[in-house]
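See structure below.
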Amino acid sequence: MSESVIREKLKLLPDRPGVYIMMDADGVVIYVGKARVLKNRVRQYFHSTLKTPKVQAMVDNIADFAYVVTPSEVDALALENTYIKKYKPKYNILLKDDKTYPYIKVWTREEYPHIGITRKVKRGDGKYFGPFMGGIAAKEIVDVAAKVYHIRTCTAAVKEKPAKPCLEYHLGRCGAPCAHLIRREEYAEQVEKTLAFLGGDYEEAERILSEKMRAFAEREEFELAMEYRDRIEMLSRLGERRITAMPRDVDADIWAFETNGLYAAASVLLTRGGIMQGSRNFSLDEGAGERGESFLSFLTQYYAVHELPHELVADEPFDEQLFLDYAEKKAGRKVTLTRPKYGVRRELLDMAEGNVREYLEKSISAIEHKSDMTTGACERLKQLLSLRHYPKRMECYDISNISGVDKVGSMVVFTDGEADKVQYRRFRIRTVEGANDFASLQEVLRRRLGKLGTAEEERFARPQLIVIDGGKGQLSAVREIFDEMGITDIDLVALAKREEEVFTLTSDAPVLLDRRDYALKTLQRIRDEAHRFAITYFRSLHSKRNLASVLDEIEGVGKQKRMALMQAFGDIDKIMHAGVDELARVEGIGPALAARIHSHFEEL
């Protein structure tokens, strides 16, 4: 787009809040930002002469821009995060490692609440404790709650007619409300004690565990005594993490942020119920935004996938009121920000700031190496393979089957040279008879490319490069689909396994890349990942198909019981290794049939 056209678009910008989207000459989104007043913010990029090198590099690559008006700046902040997650723009600060930690959840809205572990927090459907990190396993805490307070860990329905108590009851780990062996009032008391325990009141649990440990030791059941001893030691470690100067009702995340102009890092300390849960560091490529904008964007991305605490502690300058408005809207409750000058919070903040400075200093070489392996490798691929576009989004496809049975296809996605697992897709081949990998590949690509230009493209973005696991034959098969569907703006290559030759559409001769080159290593990684993903799906289907035929051999296992077993265990291996008690708990499978199933697999 010419400069004159951009100037005309700048004149049309509204004086409303919203999100602006910067694109390069290939139409790739390179930056997303939010603004209180779109007209003022976007014009700054083109009119201001005082720009940092990073901002200037971004502006030099802008060929077009778009914008979305929002009702408020808070809505703009939320939408900005959505677009950053979707497009992963080159000049935005990005939270790439968004893995979540486990929480313990008590389903308090149930008549007889149960306890379990989850990584997703949903507002209003129970009480959550955590996240758990730094050497403390959530499952160990749940185990203590079950042993001490007999709260159930299963989801079995409590019906009017009492059920048969399961193994958990006989092991002293559940009060068996499903068998009507505990009164509702008594169970409710145990739930309240469990909630207090999870909130940090460990004294009663330690006392009960100690009594049980001594009883097992006196009966010379030493293995059980040692198991209880390990749980007591775990609770002691938790107690040692208590911050004595901090009230027990304080849940706070303590944040520090540092940047050197090229790279950035963030560090967080988590305290829950006055107990230090652990810390975590993040290495980041510095974005084109100002420091305060970068930190605000990072926090928004982080809390899109993590639970907000009641309090944030930070000393970093940013638009705190905007973030607190966003946080309150997301959490459905008040969230406060503290900038401490002294006291325990200041001490924790000093610790976080020391952590982030040390982490950034030590991780710069690792960040640079990662850049060589990711965005740097993508730039080299464009150059070495004469690609028309920078391969920001690469998709790789593979087919897996045995003798034409259970044919499946896989699609894996790399964004800027890194695996983007949320975007992975798998295909069950529908139209191909027998073992015909070429036809199977064509079916998969026809189905995938058929989504381009439709509403589905909003979920499955257009790739710049498609990589096929194979050689000339596979490349030709996919090229037929490109020609059939009129695809002309996506690059296509194939990587052959034996000699690691790269076949392209622009030359009959293969391209041989240096085996030490990160460009080749990136192609190998995406090819191997596509193969792994296809094999995993194939084994899952193959296992379920075999499961049906094996179970049909057992007397008394018909279609309904087979489906119940498949639903409960998922694959044949888990059923083969299940105990009689586990099998008997499946709906419709009694002790006698469970014993028969178990005996059948023991004889195989």
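Please work out if residue 331 is of a type outside the set (Ser, Thr, Tyr) and over 30 Å from residue 374 (Cβ atoms).
In short, yes.
Looking at residue 434, is it open to solvent by 20 Å² or more (accessible area, probe 1.4 Å) and part of a helix (DSSP H, G or I)? Break it down stepwise before answering.
On the way: open to solvent by 20 Å² or more (accessible area, probe 1.4 Å): yes; part of a helix (DSSP H, G or I): no.
Considered against the rule, which asks whether it is open to solvent by 20 Å² or more (accessible area, probe 1.4 Å) and part of a helix (DSSP H, G or I), residue 434 comes out as no.
Return yes or no: is residue 99 modelled with pLDDT under 90 and either open to solvent by 20 Å² or more (accessible area, probe 1.4 Å) or hydrophobic (A, V, I, L, M, F, W, C) (or both)? So that I can check it myself, show each step before the final result.
On the way: modelled with pLDDT under 90: yes; either open to solvent by 20 Å² or more (accessible area, probe 1.4 Å) or hydrophobic (A, V, I, L, M, F, W, C) (or both): yes.
The answer is yes for residue 99.
Might you check whether a residue that is among the charged types (D, E, K, R), within 22 Å of residue 333 (Cα to Cα) and in contact (Cβ under 8 Å) with a residue 24 or more places away in the chain occurs anywhere in region 115-129?
First pass over region 115-129, keeping only residues among the charged types (D, E, K, R): 119-120, 122-123, 125, 127.
Keeping just the survivors that are within 22 Å of residue 333 (Cα to Cα) gives 119-120, 122-123, 125, 127.
Of the ones still in play, those that are also in contact (Cβ under 8 Å) with a residue 24 or more places away in the chain are 123, 127.
Yes, some residue in region 115-129 is among the charged types (D, E, K, R), within 22 Å of residue 333 (Cα to Cα) and in contact (Cβ under 8 Å) with a residue 24 or more places away in the chain.
Can you list the helices (runs of 4 or more DSSP H) lying wholly within region 1-74 that have 1 or more residues being at pLDDT 90 or above and buried (at least 20 other Cβ atoms within 10 Å of the Cβ)?
By residue number, 38-47.
What residue, among those in region 143-156 that are in a loop (DSSP other than H, G, I, E, B) and either without any contact (Cβ under 8 Å) to a residue 24 or more places away in the chain or of a type in the set (Val, Ile, Thr) (or both), is most open to solvent (accessible area, probe 1.4 Å)?
Of everything passing the filter in region 143-156, 155 is most open to solvent (accessible area, probe 1.4 Å).
Can you pull out the residues in region 488-503 that are at pLDDT 90 or above and not acidic (Asp, Glu)?
Residues satisfying the conditions are 490, 492, 493, 494, 495, 502, 503.
Being among the aliphatic types (A, V, I, L, M) and closer than 20 Å to residue 275 by Cα is the filter; apply it to region 197-219 and report the residue that is least open to solvent (accessible area, probe 1.4 Å). Break it down stepwise before answering.
Of all residues in region 197-219, those among the aliphatic types (A, V, I, L, M) come to 198, 205, 208-209, 213, 215, 217.
If we keep only those that are closer than 20 Å to residue 275 by Cα too, we end up with 198, 205.
Working: 198: 20, 205: 0 Å².
Only one residue fits best here, namely 205.
Could you list, in sequence order, the residues of region 322-380 that are of a type in the set (S, T, N, Q), touching a helix residue (DSSP H, G or I) at 6+ places or on another chain (Cβ under 8 Å) and open to solvent by 50 Å² or more (accessible area, probe 1.4 Å)? Outline the logic, then answer.
Step one: list which residues in region 322-380 are of a type in the set (S, T, N, Q), which gives 336, 338, 355, 363, 365, 371, 374-375.
Within this subset, residues satisfying the condition of being touching a helix residue (DSSP H, G or I) at 6+ places or on another chain (Cβ under 8 Å) are 336, 338, 374.
336, the sole residue that qualifies.
Does region 242-259 contain any residue that is farther than 18 Å from residue 344 by Cβ, of a type outside the set (Val, Ile, Thr) and either modelled with pLDDT of 75 or more or buried (at least 19 other Cβ atoms within 10 Å of the Cβ) (or both)?
Here is the first cut: in region 242-259, the residues farther than 18 Å from residue 344 by Cβ are 257-259.
Then drop every residue that is not of a type outside the set (Val, Ile, Thr), which leaves 257-258.
Pick out the ones that are also either modelled with pLDDT of 75 or more or buried (at least 19 other Cβ atoms within 10 Å of the Cβ) (or both) and you get 257-258.
Checked against the condition, which is being farther than 18 Å from residue 344 by Cβ, of a type outside the set (Val, Ile, Thr) and either modelled with pLDDT of 75 or more or buried (at least 19 other Cβ atoms within 10 Å of the Cβ) (or both), region 242-259 yields at least one hit.
Answer yes or no: is there a residue in region 294-308 that is open to solvent by 10 Å² or more (accessible area, probe 1.4 Å), of a type outside the set (Lys, Arg), under 20 Å from residue 250 (Cα atoms) and not in a strand (DSSP E or B).
There is at least one residue in region 294-308 that is open to solvent by 10 Å² or more (accessible area, probe 1.4 Å), of a type outside the set (Lys, Arg), under 20 Å from residue 250 (Cα atoms) and not in a strand (DSSP E or B).
With respect to residue 511, is the statement that it is buried (at least 19 other Cβ atoms within 10 Å of the Cβ) and in contact (Cβ under 8 Å) with a residue 40 or more places away in the chain true? Working first, answer last.
Values: buried (at least 19 other Cβ atoms within 10 Å of the Cβ): no; in contact (Cβ under 8 Å) with a residue 40 or more places away in the chain: yes.
No, not satisfied.
Does region 270-277 contain at least one residue that is over 19 Å from residue 34 (Cβ atoms), within 25 Å of the chain's Cα centre (by Cα), open to solvent by less than 10 Å² (accessible area, probe 1.4 Å) and at pLDDT below 90?
Applying the first criterion (over 19 Å from residue 34 (Cβ atoms)) to region 270-277 yields 270-277.
Now restrict to residues that are within 25 Å of the chain's Cα centre (by Cα): 270-272, 276-277.
Applying the additional criterion that residues be open to solvent by less than 10 Å² (accessible area, probe 1.4 Å) yields 270-271.
From what's left, at pLDDT below 90: 270-271.
Yes, some residue in region 270-277 is over 19 Å from residue 34 (Cβ atoms), within 25 Å of the chain's Cα centre (by Cα), open to solvent by less than 10 Å² (accessible area, probe 1.4 Å) and at pLDDT below 90.
Count, please, the residues in region 75-87 that happen to be surrounded by fewer than 17 Cβ atoms within 10 Å (Cβ to Cβ) and of a type in the set (Ser, Thr, Tyr).
Matching residues across region 75-87 total 1.
Confirm whether residue 137 is closer than 20 Å to residue 105 by Cα and buried (at least 16 other Cβ atoms within 10 Å of the Cβ). If you could, list the steps in order and put the result at the bottom.
On the way: closer than 20 Å to residue 105 by Cα: yes; buried (at least 16 other Cβ atoms within 10 Å of the Cβ): no.
No.
Output the residue which, of all residues in region 514-536 that are without any contact (Cβ under 8 Å) to a residue 60 or more places away in the chain and either surrounded by 14 or more Cβ atoms within 10 Å (Cβ to Cβ) or not acidic (Asp, Glu) (or both), is farthest from residue 378 (Cα to Cα). Don't jump to the end; show me each part of the working.
So the first thing to find is which residues in region 514-536 are without any contact (Cβ under 8 Å) to a residue 60 or more places away in the chain, and the list is 514-516, 520, 524, 528, 532, 536.
Going one step further and asking which of them are either surrounded by 14 or more Cβ atoms within 10 Å (Cβ to Cβ) or not acidic (Asp, Glu) (or both), we end up with 515-516, 520, 524, 528, 532, 536.
Working: 515: 15, 516: 15, 520: 10, 524: 13, 528: 17, 532: 22, 536: 27 Å.
Applying the filter and picking the extreme gives 536.
Looking at region 317-401, what helices (runs of 4 or more DSSP H) fall wholly within it and have at least 3 residues that are within 18 Å of residue 253 (Cα to Cα)? Talk me through it step by step, then tell me what you get.
Numbers: elements: 320-331, 344-373, 375-384.
In region 317-401, the matching helices (runs of 4 or more DSSP H) lie at 320-331, 344-373.
When you look at residue 438, is it aromatic (Phe, Trp, Tyr), within 25 Å of residue 509 (Cα to Cα) and touching a helix residue (DSSP H, G or I) at 6+ places or on another chain (Cβ under 6 Å), yes or no?
Values: aromatic (Phe, Trp, Tyr): yes; within 25 Å of residue 509 (Cα to Cα): yes; touching a helix residue (DSSP H, G or I) at 6+ places or on another chain (Cβ under 6 Å): yes.
So residue 438 passes the test.
When you scan region 561-604 for helices (runs of 4 or more DSSP H) that lie fully inside it, which ones turn up with 3 or more residues that are at pLDDT below 75 and over 21 Å from residue 171 (Cα atoms)?
On the way: elements: 572-576, 580-584, 591-603.
Hits in region 561-604: 572-576, 591-603.
Across region 157-198, what is the number of residues that are under 17 Å from residue 147 (Cα atoms) and not aromatic (Phe, Trp, Tyr)?
Going residue by residue through region 157-198, those that are under 17 Å from residue 147 (Cα atoms) are 165-177, 181-182, 186-198.
Next, from what is left, pick out any that are not aromatic (Phe, Trp, Tyr): 165-168, 170-177, 181-182, 186, 188-196, 198.
Matching residues across region 157-198 total 25.
If residue 159 meets every condition in (1) in contact (Cβ under 8 Å) with a residue 24 or more places away in the chain; (2) part of a loop (DSSP other than H, G, I, E, B); (3) charged (D, E, K, R) apart from one, which number is that one?
Failing condition for residue 159: (1).
Inside region 437-489, can you point out the residues that are touching a residue at least 60 places away in the same chain (Cβ under 8 Å) and open to solvent by 60 Å² or more (accessible area, probe 1.4 Å)?
Matches in region 437-489: 462, 489.
Kindly provide the set of residues from region 56-78 that are among the β-branched types (Val, Ile, Thr) and either in contact (Cβ under 8 Å) with a residue 24 or more places away in the chain or touching a Pro at 6+ places or on another chain (Cβ under 8 Å) (or both), ordered by number. Give the steps one after another, and end with the answer.
Taking region 56-78 and keeping what is among the β-branched types (Val, Ile, Thr), we get 59, 62, 68-70, 74.
Once the filter is applied, which keeps residues that are among the β-branched types (Val, Ile, Thr) and either in contact (Cβ under 8 Å) with a residue 24 or more places away in the chain or touching a Pro at 6+ places or on another chain (Cβ under 8 Å) (or both), region 56-78 yields 62, 68, 69, 70, 74.
The values are calculated or read from the model by the stated rules, or taken from the named source; none is laboratory data. In this text the structure is predicted, and so the values were computed from the model without any measurement. Note that each Cβ is placed from the backbone with ideal geometry, even for glycine, and that neighbours are counted across all protein chains shown. To get the accessible areas, we keep the full protein, side chains included, count just its heavy atoms, and leave off ligands, DNA and RNA. Shrake-Rupley method; radii C 1.70, N 1.55, O 1.52, S 1.80 Å.
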